[in-house]
Amino acid sequence: MKMLTAAMVALGLSSAAAGAQDFPSKPITLIVPYSGGGSTDLIGRQLAHELQQIWGQPVVVENRAGAGSMIGTAALSQAAPDGYTLLVNTPAVATAPAVQNDLPFDPKTDITAIGMVATSPYMAVAGAAVNATTFAEFIAEAKERPMFFATAGVGTSSHFTEELLIQQAGLDADIVHFSSGGDAQVNLMGGHADVYISNTASVMPYVNNGQVKALVVLGSERYELLPDVEASAEAGVDGIDINSWVGLFGPGGMDPALVEKINSDMHAALATDSFKKVLADNFVIAGKDSADEFKAQVEKEMDLWKTLATERSIVAN
């Protein structure tokens, strides 16, 4: 009986490995849970293009926006765990569950973390109403008058990073929620908000155009791609050690061998010259994590943001 059981286990493992090596044998759908034209959509489409070259199968991008990316994420959770439906998403995967208690899926078991595609620090940018040119000056100015922080919506990464900065810097500030990151930045440039926080890919085009000014990158040290922008720790604001990212996900229950193969192919895609250019143009760095490392990071952030939501009394509207 022991020999039979061992043989069955060995057969199952070899079948799983063979299945992973045969993947893919048909077109793949890559869900982008945001509208077209944004930084996540741009990176997702480039990833789809490169994987299509590697796999020799069509990789079709499907934009399924809404509910802070949770509509597209929920759709992924209901797909078969065979690798033929994938998702690219941001830390919204970790922030949304902290305030959305009615999600139709379990974010820790119904989603499989495959790998980090790209990463960069969060950057705070300021509108014309902010006089400060350094972060220390901004903190002083924020203590003279309440600052209005624009977010991309309740429970988004921009919302949570702003709450974290306000808490750690001891600022008196008001949070203003908009319908999206694009809407938040338009209102920032229009003078209806003072500060917005997002990843470098989202905000640097507006910094380069002179429409907003780079205020600070959140973290303990300066970002290698933007060495002239100071880090929040330089002004004595500690306790912020979190980066933005774009990650690749699959449905829950995927075979580990298949996850490992897709992670490996994703890193091959990131190593191409064409993808390197896209990343450099958007001031982001390619991810290097294994699937297990990325999973651990996502779950750590879920716990971090849940704690912050409790401390700051953040609830969904």
Any chance segment 277-284 includes a residue that's modelled with pLDDT under 95, over 19 Å from the mean Cα position of the chain (by Cα), within 23 Å of Gly219 (Cβ to Cβ) and not acidic (Asp, Glu)?
-> no
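Give me a count of the residues in segment 106-154 that are among the hydrophobic types (A, V, I, L, M, F, W, C) and assigned to a helix (DSSP H, G or I).
Step one: of segment 106-154, the residues among the hydrophobic types (A, V, I, L, M, F, W, C) are 111, 113-114, 116-118, 123-126, 128-130, 132, 135-136, 138-140, 142, 147-150, 152, 154.
Those left that are additionally assigned to a helix (DSSP H, G or I): 135-136, 138-140, 142.
Residues in segment 106-154 being among the hydrophobic types (A, V, I, L, M, F, W, C) and assigned to a helix (DSSP H, G or I): 6 in total.
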In this structure, does Lys288 turn out to be basic (Lys, Arg) and assigned to a loop (DSSP other than H, G, I, E, B)?
-> yes
Please state which one of Gly44, Gly66 is within 13 Å of the chain's Cα centre (by Cα) and not charged (D, E, K, R).
-> Gly44
Quick check, is Asn187 open to solvent by 10 Å² or more (accessible area, probe 1.4 Å) and touching a Ser or Thr at 6+ places or on another chain (Cβ under 7 Å)?
-> no
Under 8 Å by Cβ, and 6 or more places apart or on different chains, what pairs join a residue from segment 21-49 that is among the acidic types (Asp, Glu) with one that is not in a loop (DSSP other than H, G, I, E, B)?
-> Asp41/Val32; Asp41/Val61; Asp41/Asn63
Being open to solvent by less than 60 Å² (accessible area, probe 1.4 Å) and of a type in the set (D, E, K, R) is the filter; apply it to segment 28-54 and report the residue that is modelled with the highest pLDDT.
-> Glu50
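Could you tell me whether segment 125-137 includes any residue that is under 30 Å from Ala75 (Cα atoms) and of a type outside the set (A, V, I, L, M)? Show your work before the answer.
Within segment 125-137, the subset under 30 Å from Ala75 (Cα atoms) is none.
Looking through segment 125-137, none of the residues is under 30 Å from Ala75 (Cα atoms) and of a type outside the set (A, V, I, L, M).
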Quick one: which strands (runs of 3 or more DSSP E) lie wholly within segment 194-253 and hold at least 3 residues that are assigned by the TED database to the domain that holds Ile111 and touching a helix residue (DSSP H, G or I) at 6+ places or on another chain (Cβ under 7 Å)?
-> 243-251
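For segment 266-287, give me the residue count where each residue is open to solvent by less than 20 Å² (accessible area, probe 1.4 Å) and out of contact with any strand residue (DSSP E or B) (no Cβ under 9 Å at 6 or more places or on another chain).
So the first thing to find is which residues in segment 266-287 are open to solvent by less than 20 Å² (accessible area, probe 1.4 Å), and the list is 266, 269-270, 275, 279, 284, 287.
Adding the requirement that they be out of contact with any strand residue (DSSP E or B) (no Cβ under 9 Å at 6 or more places or on another chain) leaves none.
Here the count works out to 0.
Quick grid of which residues meet (1) of a type outside the set (A, V, I, L, M); (2) open to solvent by less than 30 Å² (accessible area, probe 1.4 Å); (3) in contact with a Leu (Cβ under 7 Å, 6 or more places away or on another chain):
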residue	(1), (2), (3)
Ala173	no, yes, no
Gly191	yes, no, no
Asp194	yes, yes, no
Val203	no, yes, no
Gly210	yes, no, no
Residue check: is Lys295 in a helix (DSSP H, G or I) and surrounded by 13 or more Cβ atoms within 10 Å (Cβ to Cβ)?
-> yes
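With respect to Leu226, determine if the residue is under 23 Å from Glu141 (Cβ atoms), within 16 Å of the chain's Cα centre (by Cα) and aliphatic (A, V, I, L, M). Talk me through it step by step, then tell me what you get.
Numbers: under 23 Å from Glu141 (Cβ atoms): yes; within 16 Å of the chain's Cα centre (by Cα): no; aliphatic (A, V, I, L, M): yes.
Here the answer is no, as Leu226 does not meet what is asked.
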What are the residues in segment 55-69 that are in a strand (DSSP E or B) and either open to solvent by less than 30 Å² (accessible area, probe 1.4 Å) or under 18 Å from Gly83 (Cβ atoms) (or both), if any?
-> Val59, Val60, Val61, Glu62
Candidates Gly247, Gly219, Gly239 - the one that is in contact (Cβ under 8 Å) with a residue 40 or more places away in the chain and open to solvent by 50 Å² or more (accessible area, probe 1.4 Å) = Gly239
Reported set for segment 226-245 where residues are of a type in the set (A, V, I, L, M, F, W, C) and touching a Phe, Trp or Tyr at 6+ places or on another chain (Cβ under 8 Å) is Leu226, Val229, Ala231, Ala235, Val237, Ile242
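The values are calculated or read from the model by the stated rules, or taken from the named source; none is laboratory data. Model, not experiment: these values are computed from the prediction. All Cβ positions, glycine included, derive from the backbone under ideal geometry; neighbour counts span all protein chains shown. Heavy atoms of the whole protein, side chains included, go into the accessibility calculation; ligands, DNA and RNA do not. Shrake-Rupley method; radii C 1.70, N 1.55, O 1.52, S 1.80 Å.
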